[in-house]
């Protein structure tokens with residue numbers, strides 16, 4: 001079922017909101033007509049039973065979908081938290097480098113801006129697959145190399161170098177946490193249950209009343225369920241999809257770092 005989820009997540013929220021409800025509504029609308037056209041006549045009692053069965057399955061679907069939405073929203077909160085912590089560490093590292101000054105500090109700051117830019121431009125895309133970006137690895141490695149070669153001079157003391165090293169370690173750790181959170185997704189078991197319910201609803205609709213008014217009502221119910229499915233699909237991905245965490249904080253932090261650089265020159 002995950003290939004269906006991945007396919008739907010590749011669509012924009014607008015596209016998914018249009019396509020999924022329309023397709024599912026059309027299916028439940030035409031399936032009773034197809035059954036009648038094939039000559040399978042059913043009693044009114046059987047069609048009424050199908051109506052009751054549809055309502056029962058739909059109720060269970062809503063329950064599972066609501067539970068799943070709570071889970072993925074929790075993932076979103078975790079993602080928001082780790083990004084805020086990471087930005088705080090990056091900003092504090094930049095300020096500490098500004099405070100000590102010196103040639104190596106300026107080089108570290110330049111690489112820190114490259115590091116932040118690589119997160120925005122490169123890693124946000126690789127995180128859609130739960131993977132780190134080699135460009136960010138390289139930028140972080142350059143910062144670590146510069147800091148490791150820092151020596152006491154001027155405002156740079158052993159204590160300040162130690163503080164910068166500790167802050168850089170926090171930056172690296174917070175990045176690891178962000179990558180870890182990018183791998184949080186709804187369990188495939190939940191998706192199997194959800195799509196199983198959708199399949200059951202389609203099968204039941206085959207035995208539904210063939211009259212147009214009844215089929216219109218059934219299509220309306222399916223549209224409501226389809227919107228729930230769309231919301232769930234589009235939110236299952238902390239850093240992917242239209243409804244996801246964007247690198248807004250990182251872009252803002254990079255802009256402030258550039259202003260800080262201009263003020264110190």
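Values quoted throughout were computed directly from the atomic coordinates according to the rules given, and no laboratory measurement underlies them. Computed from a predicted structure; not experimentally measured. A quick note on method: Cβ atoms are made from the backbone with ideal geometry, for glycine too, and the neighbour counts reach across all protein chains shown.
Would you calculate, for the chain, the mean residue ellipticity at 222 nm contributed by helices, counting each DSSP H stretch of 4 or more residues as -39,500 (n - 2.57) and dividing by all residues, to the nearest 500?
Per the formula, -27000 deg cm²/dmol.
Roughly speaking, what is the centre-to-centre gap between the stretch 77-115 and the stretch 186-223 when only Cα atoms are used, to the nearest Å?
For the stretch 77-115 versus the stretch 186-223, the Cα centre distance is 51 Å.
Starting from the Cα of residue 149, step 7 Å along the direction of its Cβ; do the same at residue 206; then give the gap between the two resulting points in nm.
7.1 nm
Enter the angle in degrees (range 0 to 90, nearest 10) between the Cα long axis of helix 212-235 and the first principal axis of the Cα atoms of the chain, meaning the one along which they spread out most.
Between helix and principal axis, roughly 20 degrees.
Residue 103 to residue 137: FRET efficiency via 1/(1 + (r/R0)^6), r the Cβ-Cβ distance, R0 22 Å, to the nearest 0.05?
On the way: r = 25 Å, r/R0 = 1.12.
About 0.35, to the nearest 0.05.
Subtracting the Cα-Cα distance from 0.36 nm times the residue separation, let me have the gained length for residue 95 to residue 159 in nm, one decimal.
Result for the pair: 21.5 nm of gain on full extension.
Give me the compactness ratio for the stretch 94-142, meaning the Cα radius of gyration over 2.2 N^0.38 Å.
Relative to the rule-of-thumb radius for its length, the stretch 94-142 sits at 1.30.
How far, in nm, would the chain grow between residue 187 and residue 85 when pulled straight, counting 0.36 nm per residue and subtracting the alpha carbon separation?
Going from the current span to full extension adds 34.1 nm.
How far apart, in nm, are the 7 Å Cα→Cβ label points at residue 69 and residue 15?
Calculated label separation equals 2.4 nm.
So, in nm, how far is label residue 256 from label residue 52 when the simple model puts each one 7 Å beyond its Cα toward the Cβ?
According to this spin-label approximation, the distance is 6.2 nm.
Given [x] 35, 27, 15; [y] 57, 14, 13; [z] 27, 23, 22 as candidate values of semi-axes √(5λ) of the Cα gyration tensor in Å, which corresponds to the one derived from the coordinates?
Computed from the coordinates, semi-axes √(5λ) of the Cα gyration tensor in Å corresponds to [y].
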